[in-house]
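Beneath this line is the structure, given in structure tokens, with notes to follow.
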Amino acid sequence: MKKILVLPGDGIGPEIVQEATKVIECLKREFELDFELEEAHVGGAAIDATGGPLPDETLKLAHEADSVLLGAVGGPKWESLDIAIRPEKGLLGLRSNLNLFANLRPALLYEQLASASTLKAEVVAGLDLMIVRELTGGIYFGQPRGIRELENGEKQGFNTLIYRESEIERIGRVAFEIAQKRDKRVCSVDKANVLECTELWREVMERVAKDYPDVTLSHMYVDNAAMQLVRAPKQFDVMVTTNMFGDILSDCAAMLTGSIGMLPSASLDANSKGMYEPIHGSAPDIAGQGIANPLATILSVAMMLRYSFNKPELARRIEQGVETVLNEGLRTPDIYTQGTRKVGTEEMGDAVVAAIMRTTWAELGGLHEGDLQGIECARGGGISNEID
Ligand code: NAD
């Protein structure tokens, strides 16, 4: 039995997570998966319930779970709190306590949404790249760090960029293994011409590459990588880089797609246990209105099935379900364009479930009595025409 801890969080978190859990329930039922879902508080919701953003009980459940599905945390209600107990600390606490060192951020642009990008459609249509960012080391964690006062009274800020060979090697292996399942190309991004630490990064990547002869390794300086990402992003398959470079490049890559509500992410430990979440935040400006795009969270479930539960065929089913609803012209307001049909969070989630079930029935060669019950349950009630 596999345990999934569900952490809806704040703002639109509960709304989008509800649609993602419908997808899990649908797959559980259709494919008899032995998955158990448990729910707990994190972030602002946890502060309200227990006084802290990451209660012991949530952390215990996270340790026990095989994977975690998270909505989003944060919001204006908790912004005046001390930084040490803000909602975001719950997220960082989970990442560090679970030792989630590998952050996977795909940037994928469905052809149907190419006009949502700020770049020309031909530059980005069909974009499918994966950024693998080291998440628990580098300059964000290196010691010494701080702000000190010099003898002349002037202040000096300092941080330390530091990586051990073993830290570079393990993130390198994650990138190469992912590339093996894709187009078999890894581009390692560094600043080896200036920073000794990333000179070592390059050296270790070269060494790791020898164990993956089917994958081609290339290197790129980070400044050029930023430029190439907006010039010709489709040249990349997998990019692997340090914590800070990855932070910046992955946001840049995400925005190439122009639709923050579409992008999932995964953070993995050494045993492929992961925390899966959309890349966007809790969107307090639209929370409670039923208009948030649930697709990034639903696609995070696909990543969970692929990377933690080794079920790529089920992951593909979810991705195909998303493609189908986009082909049918369904759009939440954030990705709406003229000529498409505007739908809310729930309708979008239901449509993905219906698309997945339609494919399954087609394979089974027809509709069964039990399926009707299933779809009614997935839709939380009445069956509407568009899924007939
Ligand atoms: P945000 O990502 O929440 O929102 C940015 C904009 O994108 C908003 O206009 C929002 O309405 C829109 N948006 C985001 N997700 C959407 C979706 N699924 N569907 C439709 N529109 C969507 O970023 P922000 O406004 O800078 O931050 C809001 C809060 O979220 C803050 O408290 C911040 O700290 C927190 N945050 C949390 C995470 C996380 O939990 N991983 C990440 C980023 C920000």
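The values are calculated or read from the model by the stated rules, or taken from the named source; none is laboratory data. The model shown is predicted, which means the values in this text are computed figures rather than measured ones. Positions of Cβ are backbone-derived with ideal geometry, glycine not excepted, and every protein chain shown enters the neighbour counts.
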Could you please give the count of residues in the stretch 118-141 that are small (Gly, Ala, Ser) and surrounded by fewer than 16 Cβ atoms within 10 Å (Cβ to Cβ)?
2
Can you confirm whether residue 330 is away from the ligand (no atom under 11 Å from the Cβ) and either surrounded by fewer than 19 Cβ atoms within 10 Å (Cβ to Cβ) or not small (Gly, Ala, Ser) (or both)?
yes
Filter the stretch 260-272 for residues that are away from the ligand (no atom under 11 Å from the Cβ) and small (Gly, Ala, Ser); which is surrounded by the fewest Cβ atoms within 10 Å (Cβ to Cβ)?
270
Inspect all residues belonging to the stretch 189-197 and state whether any of them is of a type in the set (D, E, K, R), in contact with a Ser or Thr (Cβ under 7 Å, 6 or more places away or on another chain), surrounded by 18 or more Cβ atoms within 10 Å (Cβ to Cβ) and in the same structural domain as residue 161 (by TED's automatic domain parsing).
yes
Condition first: of a type in the set (Asp, Glu) and not in a helix (DSSP H, G or I). Now tell me which residues in the stretch 311-335 satisfy that.
328
Can you find, within the stretch 147-183, the residue that is farthest from residue 234 (Cα to Cα) among those that are part of a strand (DSSP E or B) and of a type outside the set (Gly, Ala, Ser)?
149
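Here is a yes/no grid of residues against (1) closer than 23 Å to residue 111 by Cβ; (2) within 13 Å of the ligand (Cβ to nearest atom):
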site	(1), (2)
236	yes, no
243	no, no
258	yes, yes
274	no, no
303	yes, no
318	yes, no
For the structure I just gave you, tell me whether residue 91 is away from the ligand (no atom under 13 Å from the Cβ) and within 22 Å of the chain's Cα centre (by Cα).
no
Within the stretch 18-50, how many residues turn out to be within 11 Å of the ligand (Cβ to nearest atom) and touching a strand residue (DSSP E or B) at 6+ places or on another chain (Cβ under 7 Å)?
2
Would you mind telling me which numbered condition in (1) surrounded by fewer than 19 Cβ atoms within 10 Å (Cβ to Cβ); (2) farther than 21 Å from residue 319 by Cβ; (3) in contact (Cβ under 8 Å) with a residue 40 or more places away in the chain residue 25 fails?
(2)
Is it true that some residue in the stretch 60-70 is over 11 Å from residue 5 (Cβ atoms) and surrounded by fewer than 23 Cβ atoms within 10 Å (Cβ to Cβ)?
no
Let me spell it out: the conditions are (1) in contact (Cβ under 8 Å) with a residue 24 or more places away in the chain; (2) more than 16 Å from the ligand (Cβ to nearest atom), and residue 108 meets all of them except one. Which number is the exception?
(2)
Against the condition touching a residue at least 60 places away in the same chain (Cβ under 8 Å) and touching a strand residue (DSSP E or B) at 6+ places or on another chain (Cβ under 7 Å), how does residue 230 come out, does it pass?
no
Only residues that are in contact with a Leu (Cβ under 9 Å, 6 or more places away or on another chain) and within 16 Å of the ligand (Cβ to nearest atom): list them for the stretch 1-17, please.
5, 6, 7, 8, 9, 13, 16, 17
Consider residue 22 carefully, then state whether it is closer than 26 Å to residue 289 by Cβ and of a type in the set (D, E, K, R).
yes
Is it the case that the stretch 264-285 has a residue that's under 29 Å from residue 42 (Cα atoms), over 19 Å from the mean Cα position of the chain (by Cα) and at pLDDT 95 or above?
yes
Restricting to the stretch 46-71, what's the tally of residues that are within 21 Å of the chain's Cα centre (by Cα) and either closer than 30 Å to residue 362 by Cα or not acidic (Asp, Glu) (or both)?
13
